[in-house]
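This report concerns only the one structure given below.
The values are calculated or read from the model by the stated rules, or taken from the named source; none is laboratory data. No experiment lies behind these values; they were computed from the predicted model shown. For neighbour counting, all protein chains shown are included, and Cβ atoms are generated from backbone atoms with ideal geometry for every residue, glycine included.
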């Protein structure tokens with residue numbers, strides 16, 4: 001088996017990337033070619049061309065001569081598609097979050113989600129404190145924990161929905177299928193949960 005370069009999507013690359021890929025296609029050493037192609041795919045991820053990276057990873061996962069290269073390509077493809085180890089998926093999601101930090105849709109989504117979290121947490125705390133039954137879940141740390149979970153349960157859907165609506169308003173095509181919505185919702189829980197855990201670990205929460 002040997003990986004190949006699919007030329008049907010070369011037009012979607014900029015001139016330097018096309019030239020690099022053309023140069024790679026002339027590499028005669030299969031191992032060096034596959035290693036270089038993995039590196040090229042990783043750069044496409046960072047350049048916000050995940051669809052190109054995914055196609056390269058998929059081809060390498062099926063056709064690479066090296067078992068190590070097939071395994072790496074499949075692992076990277078799984079992470080891009082929201083599968084595989086949590087660590088790899090979180091790394092991609094958080095990297096994208098940092099890269100898009102100046103995106104007005106992302107900023108608006110974070111503000112909306114944060115507002116939903118705070119309002120839900122406050123409302124839940126109010127209801128728990130008014131409960132006539134005093135126990136570990138309605139008072140003190142337990143009540144705060146329950147209120148935090150309730151807020152987070154609505155925060156991630158608010159983040160997903162606000163982001164999609166904002167993107168639609170800016171003319172960005174959105175996939176509203178159940179699969180796409182579920183994938184985005186899972187990603188939101190993963191990213192926001194990771195941020196909260198990081199904040200808690202540093203003493204910020």
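Among the listed residues 18, 89, 95, 46, which satisfies the condition of being at pLDDT below 85, outside the structural domain of residue 168 (by TED's automatic domain parsing) and closer than 30 Å to residue 146 by Cβ? Quick ask: steps written out before the conclusion?
On the way: 18 fails: closer than 30 Å to residue 146 by Cβ; 95 fails: closer than 30 Å to residue 146 by Cβ; 46 fails: closer than 30 Å to residue 146 by Cβ.
After ruling out the rest, the residue left standing is 89.
Table: residues versus (1) part of a helix (DSSP H, G or I); (2) surrounded by fewer than 16 Cβ atoms within 10 Å (Cβ to Cβ).
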site	(1), (2)
135	no, yes
141	yes, yes
152	yes, no
158	yes, no
166	yes, no
176	no, yes
193	yes, yes
197	yes, yes
Residue pairs qualifying under the 9 Å Cβ cut-off, at least six apart or on distinct chains, with the first in the range 12-40 being free of Cβ contacts under 8 Å to residues at least 24 places away in the same chain and the second being exposed (fewer than 14 other Cβ atoms within 10 Å of the Cβ) and part of a loop (DSSP other than H, G, I, E, B), are 25/4
Got a number for residues in the range 46-81 being buried (at least 21 other Cβ atoms within 10 Å of the Cβ) and part of a helix (DSSP H, G or I)?
10
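Residue-by-condition table, conditions (1) touching a helix residue (DSSP H, G or I) at 6+ places or on another chain (Cβ under 9 Å); (2) at positive phi; (3) in contact (Cβ under 8 Å) with a residue 40 or more places away in the chain:
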| residue | (1), (2), (3) |
| --- | --- |
| 130 | no, no, no |
| 140 | no, yes, no |
| 151 | yes, no, no |
| 159 | yes, no, yes |
| 174 | yes, no, no |
Every pair of residues 6+ apart whose Cβ atoms lie under 6 Å, when the first sits in the range 99-113 and is exposed (fewer than 13 other Cβ atoms within 10 Å of the Cβ) while the second is modelled with pLDDT of 85 or more
none
